[in-house]
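S.K.: One structure follows; several queries about it will come next.
The values are calculated or read from the model by the stated rules, or taken from the named source; none is laboratory data. Only a predicted model underlies this, so the values are computations on that prediction, with no experimental measurement involved. Positions of Cβ are backbone-derived with ideal geometry, glycine not excepted, and every protein chain shown enters the neighbour counts. When the accessible area is computed, the model is the full protein with side chains, heavy atoms only, and any ligands, DNA or RNA have been set aside. Shrake-Rupley method; radii C 1.70, N 1.55, O 1.52, S 1.80 Å.
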Amino acid sequence: MPATNLLQGTLDLLILKALALTEMHGLAISHRIAQITNGTFRVKPGSLFPALHRMEEAGWLASAWGDSENNRRAKYYRLTAAGRRQLQAETRQWETIAVAMASALRAN
Amino acid sequence: MLLLSRLASLRRNLFTRPRVERDLDDELHAYLDQLTEEKRAAGMGAAEARRIARIELGGLEQVKEEVRQVRTGQMLEELLQDLRYGMRTLRKNPAFTVVALLALALGIGANTAMFSVAYGILLRPLPYANADRVAVVFMRYFPRDFAFGTMCMRDYLMWKENNRAFEDPSLFTSRRMDIGGKEGAPEQVQGASVTAGFFSTLEVRPLIGRAFAAGEDQPTTGALAVIGESIWRRRFAANTGVLGQSILVNGAPATVIGVMPGVFQFPQRQTEVWTNLLLNPPTRYGPWFYRGVARLKPGVTLPQAQAELNNIGLRMMQQNSFYKRLTLPVLGLRDALLGVTLKPAILVLAGAVGLVLLIAVVNVANLMLARATVREREMALRLSLGAGRGRLVRQLLTESVLLALMGGAAGLALAWGGIALVRAWNPGNLPLIDSVRLDAGALGFMLFVSMLTGVLFGLAPALESARADLNSTIKEGGRASAASQARGRTRAALVVCEIAVSLTLLVGAGLLLRSFANLQRVTGGFSAPPRQILTMLISPGDRKYKDARAGLAFYDEVLRRARNVPGVETAAVTDSLPPDRQGDADTFAIEGQPLAPGEINPIISDVTVSPDFFQTLGIPLIKGRYFTAHDTQDLAPVAIVSEGFVRRFLPNQDALGKRIRQSGPGFGNNWMQIVGVVGNVKYLGLTVDTDPAYYMPLAQSYGLRLYLAVRCSGDAARLADTLRRKIQSIDPGVTLAQIGAMDQSLAWSVSQPRFDTMLLSLFAGIALLLAAVGIYGLIAYSVAQRTHEIGVRMALGAARADVVRMVVRQGASLAALGIVLGLGGAFALTRLLKTLLFGIGATDALTFAAAPVGSMLVVLLATFVPALRATRISPVVALRYE
């Protein structure tokens, strides 16, 4: 799958999932997504940052400046309560779709 | 919660934008640094790590732009940006902005004002309930022959008896009334006598008290009065105690029963007192003072009512051989209030102002097209720098709408001022002027039209250049591209249209101006300078002066006192005054000149005058003598006839010595000997050309209310107060009204044609100005475009005159085309003016010759300026250009 051609909904879900355990800065989020998808999705900054800002404005994410692991300033994102609810809702929706798609593709 | 987050973002994005931007910049740089760090940690050199990191980021500014695109309020932000940019562009091109705004403001302002006037007068519902079902019934018959004349009581009774079409026909007549004498000083007001059903027909409710009840027009009823709100406030301090009070109307007591609201202005705008008209059984035909007013029964149309009235008219003629060619014309209430000439005039003016808007819109379109060509390069450059096409289009749209809104605001101010002026001043003496107000609908429509123009003509070329081949546009550097050549042709066509339309208006205005000049040349038949004649209407009061002997003594005293005022040369009293205050009118017989059986002479003005009347106004004596103080009651009755009378009724005969008498029903065998022939005077308005009259001396034909006419050695208006005091001191019961100099009466009598002429000339002037600006813009622009070519020509030896000729020829050929088209349009449209013209035809050759010449001159002048500018082009500079 071409890494640039992420569906918006997929990207949102991946970002929410990536942030589910802990707050992270932008670079860490893209690494985390690559990691949890076994390198299938490599999110470029041109997609990542618009998505982060959009989701923050929607109230799913909150951000704050903090110090990174090697003592540089970086902007950290974390899930809000609304973001958590959104993660659950989108996860359920995605699972339904995945099951449906899998069954559709297996059919003769 | 989520909504709050959105709103917080919106606030942040809009109001703390620099911080938001800095934050984004910091975030991306931090990301870049982290990425670089990572690469270095993986073993790259510092410079290489940085380079790879940058490549992976994919362009800092592009990422920022992507983030900006998702921000809440982005649309709003862009709109504000566009507005700011639009304002800047407008400010940077003041000539364009001023001309476009002026065109829009004039077009929108004039149209909104004119349509508000038209709507108020022609369409706004009258302040009477269901007024569209109310009709006014007139009577036209020979010998009187007034198109919308009056009937007598007998005619009314006959109409009422045979009526099926209307509910309860009512009768009314307007008359001057003297009010007071018992409570407060007496004054003359406009009044009306009406039958009992009058108010209920018009469905108007009194402010306080009641209107006339059914049966209150029967002869046994006492005298009652309904008064208007204005007189109630003026004379009775708005006191409700006025109800039941007895007031004097024409010297006789009448009981006030109600007060009508100020919006009720019928039969006349100035009517302030309505008395109950008593239907005493008439013993004979006449006097013909009355009109009918009635409400159509449900389901009956006006034409059906007219058909019924036609039948009733036939029966009236059968019963009374005095009537010839009798009809009972019926008009809807509004048409009756407006009169017959106003409606076509208003429609013509509304059409004319619509053409002005058309020209204004075309002008703006032209400016937009010119600007699109100039901006072709800017657009191409912005596109190549990565601006989205949609974004460009949106920005141009914002600019157009901005321009239209600003033009609309200026137009609104103009319309508001114009309407306030028309209402306060009412220069056209328009009826229903009180229902004229600024109309939101009209303004909205005008604004819509102008916006549409801006959008269409601003956007179309923008879209076109957005599609254009960027490379060639930028390389050409603004020199004529194929698209701009096509636009040049469109602009030329638009200018031709402007010239054509403005010429049509110019011809229309020219016709009205010529017609008005004709009207101004009509003198009214008297040679005394109008500014030196003072006139006023005197009412000595009914009680004391009904008797001729007392009345004559009173008027003798009036004339004696008037003549003693320093500055007064002569003075006279009369019951009629030129140009349009006809007193009595009657038919007549000439002794020894029997008419064919059933024939009758027409009803013409019969004027009662004191001896010095002719000298005072300067009415020439053709033959015989004027009246003298010796033509008294005791001596043989005498008469003077007008020149027109002799020409029509005594052709090729010596009028002097012949005897005539008033011969209408009710007159005796009172033969009067003709002792003089005088020049024709107009008593029925300046536009009526045949108005024969006969005159009787006051002493032999006394009337109660008379006009005083005084000829002064200087400005008459200055003597008004002195004369008023002198006359009122004769008797405190005397009331004076309509005091003014004759020049005012003359001006007043042509106020409506003057109004039409003024407005149409104004519109034509604006149109011509806009057209001139249009062609100036076109030629100036084309000269600028051809700088290079003109430079080459001059380098090759063309003289300045050649260049001027070349440029002017371009303008002249467009003008010629526009003028040919405009003359065609004028020919087709000016016939609509026919009813408004006096003394010339709708295809007046002089106007049709002069207007194109004037139009051509203005156009040539407008092209001459850029032509001269072209000659100042230095070949060296022009060739080095670019």
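S.K.: In what sequence, highest mean first, do B:707-713, B:355-361, B:784-790, B:239-245 appear when ranked by Cβ atoms within 10 angstrom? The partial results should precede the final answer.
M.R.: Values: B:707-713: 21.9, B:355-361: 25.4, B:784-790: 17.4, B:239-245: 13.7.
Top to bottom by mean Cβ count within 10 Å: B:355-361, B:707-713, B:784-790, B:239-245.
S.K.: Can you give me the solvent accessible area of B:Thr608 with a 1.4 Å probe, rounded to the nearest 10 Å²?
M.R.: 10 Å²
S.K.: Within a 10 angstrom radius of each residue's Cβ in A:49-58, how many Cβ atoms of other chains show up on average? Whole number is fine.
M.R.: 6
S.K.: OK, next. Suppose every Lys and Arg Cβ carries +1 and every Asp and Glu Cβ carries -1, with no other charges. What dipole size does the protein assembly as shown come out with about its Cα centre, to the nearest 20 debye? Before the final figure, lay out the partial values.
M.R.: Working: 107 positive and 77 negative charges, 380 e Å.
Dipole magnitude for the protein assembly as shown comes out near 1820 debye.
S.K.: Efficiency by 1/(1 + (r/R0)^6): what FRET value for B:Ala238 and B:Arg800, r their Cβ-Cβ distance, R0 = 60 Å, to the nearest 0.05?
M.R.: 0.15
S.K.: Stretch B:Lys343-B:Lys834 to full length: gain in nm at 0.36 nm per residue minus the Cα-Cα span?
M.R.: Details: separation 491, 0.36 × 491 = 176.76 nm, distance 1.31 nm.
Extra length available between B:Lys343 and B:Lys834 comes to 175.4 nm.
S.K.: Let me ask something else about it. Quick one: work out the % antiparallel among DSSP beta bridges in the protein assembly as shown, nearest 5.
M.R.: On the way: 75 of 95 bridges.
Taking every DSSP beta bridge within the protein assembly as shown, about 80 percent pair in antiparallel fashion.
S.K.: Continuing with the same structure: Given 10 Å bins starting at zero, what is the percent of C-alpha pairs of the range B:211-251 in each, up to the one with the largest pair distance?
M.R.: Pair shares across the bins are 24, 51, 23, 2.
S.K.: Between B:Met44 and B:Arg437, what is the label-point separation in nm under the 7 Å Cα-to-beta-carbon projection?
M.R.: Rounded to a tenth, the inter-label distance reads 7.5 nm.
S.K.: Something else about it: What value in Å³ per residue do you get for the convex hull of the alpha-carbon atoms in the range B:694-804? Don't skip to the answer; put the middle values down first.
M.R.: Values: hull volume 27.3 nm³, N = 111.
Hull volume over Cα atoms, normalised by residue count, gives 246 Å³.
S.K.: Order B:Lys726, B:Lys658, A:Lys44, most accessible first, counting only protein heavy atoms with a 1.4 angstrom probe.
M.R.: Details: B:Lys726 95, B:Lys658 60, A:Lys44 115 Å².
Most to least solvent-accessible, the answer reads A:Lys44, B:Lys726, B:Lys658.
S.K.: Once the whole set of protein chains is in place, how much accessible area is left on A:Thr10, using a 1.4 Å probe, in Å² to the nearest 10?
M.R.: 20 Å²
S.K.: Considering the options B:Val98, B:Leu157, B:Ser116, tell which one lies farthest towards the positive end of the dipole of the range B:41-164, charges being +1 on Lys and Arg and -1 on Asp and Glu at the Cβ, about the Cα centre.
M.R.: Among B:Val98, B:Leu157, B:Ser116, the one farthest towards the positive end of the dipole of the range B:41-164 is B:Leu157.
S.K.: Moving to a separate point now. What do you get for Rg/Rh over the range B:136-218 if you use C-alpha atoms and the Kirkwood form of Rh? Provide the component values of the computation, followed by the final result.
M.R.: Working: Rg = 15.8 Å, Rh = 15.2 Å.
Value, to two decimals: 1.04.
S.K.: With +1 on each Lys and Arg Cβ and -1 on each Asp and Glu Cβ, and nothing else charged, work out how big the dipole of chain B is about its Cα centre, in Debye to the nearest 20.
M.R.: Values: 94 positive and 69 negative charges, 284 e Å.
Around 1360 debye, computed over chain B.
S.K.: Let me ask you something else. Just reorder B:Glu376, B:Glu56 by solvent-accessible area, largest first, 1.4 Å probe, all chains present.
M.R.: My answer, sorted largest first, is B:Glu56, B:Glu376.
S.K.: Would you mind pulling out the separation of the Cα centroids of the range B:294-358 and the range B:603-662, in Å?
M.R.: The two parts, judged by their Cα centres, are 37 Å apart.
S.K.: Assuming 0.36 nm per residue, please report the length gained on full extension of the stretch B:Arg625 to B:Ile208 beyond their Cα-Cα distance. Please report the intermediate quantities before stating the final value.
M.R.: Working: separation 417, 0.36 × 417 = 150.12 nm, distance 5.78 nm.
Computed gain between B:Arg625 and B:Ile208 is 144.3 nm.
S.K.: Enumerate the whole-percent occupancy of each 10 Å bin, from 0 to the last occupied one, for all C-alpha pair distances of the protein assembly as shown.
M.R.: Answer for the protein assembly as shown: a P(r) of 2, 8, 13, 15, 13, 11, 10, 9, 7, 5, 4, 2, 1, 0, 0 percent.
S.K.: On the full set of protein chains, 1.4 Å probe, figure out the accessible area of B:Trp671 and give it in Å² to the nearest 10.
M.R.: Accessible area, nearest 10 Å²: 50 Å².
S.K.: Calculate the FRET efficiency for B:Leu278 and B:Ser246 from the Cβ-Cβ distance with a Förster distance of 22 Å, rounded to the nearest 0.05. Intermediate values should be presented prior to the final figure.
M.R.: Values: r = 17 Å, r/R0 = 0.78.
Computed FRET efficiency for B:Leu278 and B:Ser246 comes out at 0.80.
S.K.: Toward the positive end of the charge dipole of the protein assembly as shown, about the Cα centre and with charges on Cβ (Lys, Arg +1; Asp, Glu -1), which of B:Ala214, A:His25, B:Phe322 goes farthest?
M.R.: Value computed over the given set: A:His25.
S.K.: Looking only at Cα atoms, what is the convex hull volume of chain A per residue, in Å³? Intermediate results must be reported in sequence, preceding the final value.
M.R.: Values: hull volume 11.5 nm³, N = 108.
Roughly 106 Å³ of hull volume per residue.
S.K.: Along the charge dipole of the range B:677-748, Cβ charges K/R +1 and D/E -1, which of B:Val710, B:Leu698, B:Thr722 sits furthest on the positive end?
M.R.: B:Thr722
S.K.: Mean shadow of the range B:1-126, computed from the convex hull of its alpha carbons, in nm²? It would help to have the intermediate numbers written out before the result.
M.R.: On the way: hull surface 62.3 nm².
Result: 15.6 nm².
S.K.: Based on the Cβ-Cβ distance from B:Arg661 to B:Arg175, what FRET efficiency comes out when R0 is 35 Å, to the nearest 0.05? Before the final figure, lay out the partial values.
M.R.: On the way: r = 27 Å, r/R0 = 0.77.
Plugging the Cβ-Cβ distance into 1/(1 + (r/R0)^6) gives 0.85.
S.K.: Interface size between chain A and chain B, please: total buried accessible area, 1.4 Å probe, rounded to the nearest 100 Å².
M.R.: Numbers: alone 7200 and 40140 Å², together 45140 Å².
So the total buried area for this chain pair works out to about 2200 Å².
S.K.: For the pairs B:Lys623/B:Lys682; B:Lys160/B:Lys324; B:Lys160/B:Lys682, note any where the Cα-Cα span goes beyond 29 Å.
M.R.: With Cα atoms farther than 29 Å apart: B:Lys160/B:Lys682.
S.K.: Ordered by packing density, taken as the mean number of other Cβ atoms within 10 Å over each peptide's residues, highest first, how do B:123-130, B:549-556 rank? Write down the numbers at each step before the final one.
M.R.: Details: B:123-130: 14.6, B:549-556: 16.1.
Per-residue Cβ counts within 10 Å, averaged per peptide and sorted highest first, yield B:549-556, B:123-130.
S.K.: Above 37 angstrom, tally the Cα pairs of chain B and express them as a % of all pairs, no decimals. Let's see the in-between values first.
M.R.: Details: 240570 of 388521 pairs.
In whole percent, the long-distance tail amounts to 62.
S.K.: Same structure again: Hey, what angle do you get for helix B:440-467 against the long axis of chain B, alpha-carbon based, 0 to 90 degrees rounded to 10?
M.R.: 30 degrees
S.K.: May I pose another question? Which shape class, rounded, prolate or oblate, goes with the range B:67-175 when its Cα gyration tensor gives a ≥ b ≥ c as root eigenvalues, a/c under 1.5 marks rounded, and past that a/b bigger than b/c marks prolate?
M.R.: prolate
S.K.: So which aspartates and glutamates pass the test for B:Lys64, namely a Cα distance under 14 Å, with those fewer than 8 places away in the same chain ruled out?
M.R.: By straight Cα distance, B:Lys64 reaches B:Glu21, B:Asp23, B:Asp25, B:Asp26, B:Glu27.
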